[in-house]
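First up is the structure itself, then whatever we jot down about it.
The values are calculated or read from the model by the stated rules, or taken from the named source; none is laboratory data. Only a predicted model underlies this, so the values are computations on that prediction, with no experimental measurement involved. Accessible surface areas use protein heavy atoms only, side chains included; no ligands, DNA or RNA. Shrake-Rupley method; radii C 1.70, N 1.55, O 1.52, S 1.80 Å.
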Amino acid sequence: MAMEKFARLEEGIDRLLSGYEALRGENAGLKGELSAKTREVEALKERLASLETEKGVVRERVDGLLERLEGLIQNA
């Protein structure tokens, strides 16, 4: 009887340890994915900032061209 209880306890501990190892592996994988996504977000933020700067430059150039066109039209 005592050996049966010990065997059941041993099986339970084995299942618990197996589950723990599986969760540990899953956790490591999720940490890796999170790290990759964090890097991706940072790269996208940098790209967005670059595009915002470029948009500002383009807007200034277009405004300058429009002013020149208006000047030509008024002087014509």
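Could you please let me know if residue 45 is among the basic types (Lys, Arg), open to solvent by 100 Å² or more (accessible area, probe 1.4 Å) and more than 33 Å from the chain's Cα centre (by Cα)?
no
Go through (1) of a type in the set (A, V, I, L, M, F, W, C); (2) open to solvent by 80 Å² or more (accessible area, probe 1.4 Å); (3) at pLDDT below 95 for residue 7 and report which single condition fails.
(2)
Please specify each residue of region 22-37 satisfying the condition of being of a type in the set (A, V, I, L, M) and open to solvent by less than 80 Å² (accessible area, probe 1.4 Å).
Hits for region 22-37 are 22, 28, 36.
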